[in-house]
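Taken together, the values in this text are just the output of simple stated rules run on the coordinates, not laboratory data. The structure presented is a predicted model; accordingly, all values stated were derived computationally and were not measured. Glycine also receives a Cβ, built like all others from the backbone with ideal geometry; neighbour counts cover every protein chain displayed.
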Amino acid sequence: MIRTCFVPVTILIVLLALIPAVSATIVLSDVAYTPDAPLVPGSTVHVVAQYAIIPSGSTTFSTGHSLQMETGLSDAKWSIQILLDGRNAAQQSASGSAAFVNGELLSYSTNYDVGMIVNIEGFVPAAAGSPLMVLQVEELDNSGSVVPGSVITLSQPVAGTAPAKAAVPTLTSPVIPVQTTAPRASGFGCAVGIIACCLAFLAGIRRE
């Protein structure tokens, strides 16, 4: 007699929950910078980076995980395109220093090829150090922690100084010239007195 082994559904769910989700492997396949390095503080930079998602489990990416992207560029504008078998799939945009991609947008069966193209445009900060981190991609697990080995950082050297801003004219009160009389030297008055005394002495001698 064959006994059937029956596992309650609740126990099966608990067992599945205890199995850790296998993270995918993110590979940088291409990157382009406009303009080329070195970056100049105050200038605009456009970065296009393409990634391939290599599955490590039963799906291309865990639905409970996500991708976090960061940049050191100022006023950054993001455009993220998900590729499915080389064709455009989901697309999203963001602004600021960080952007996120939900794992559900990257999760497919392993018979699909999943990729991602990240476009960033922003300004090099005036006080940027060298090198400047222009794009960093990392995978976050269900608890929001970074998956070890998933961080991919793109940096570029920075040179030069920020372009000088045009001086703004300021209004000032008109300068009114003031006429002043130069003081007479005291030596000049003494000389005149001595000469006058000599003339009076000579005149007195002639009268005698």
Full-extension gain in nm, Gln92 to Asn119, via 0.36 nm per residue minus C-alpha separation: 8.6 nm
Peptides 146-153, 39-46, 134-141 ordered by average Cβ neighbours within 10 Å, highest first: 134-141, 39-46, 146-153
Neighbourhood charge, 15 Å Cβ-Cβ cut-off, centred on Thr63 and excluding it, Lys, Arg +1 and Asp, Glu -1: -3
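Taking the inverse of the average 1/r across all pairs of different Cα atoms in segment 21-156, what Kirkwood radius in Å do you get?
15.2
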Sequence ranges 28-38, 78-88, 119-129, ranked by mean other-Cβ count within 10 angstrom, highest first: 119-129, 78-88, 28-38
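At a Förster radius of 30 Å, what calculated FRET efficiency corresponds to the Cβ-Cβ distance of Gln81 and Ser143, to the nearest 0.05?
0.60
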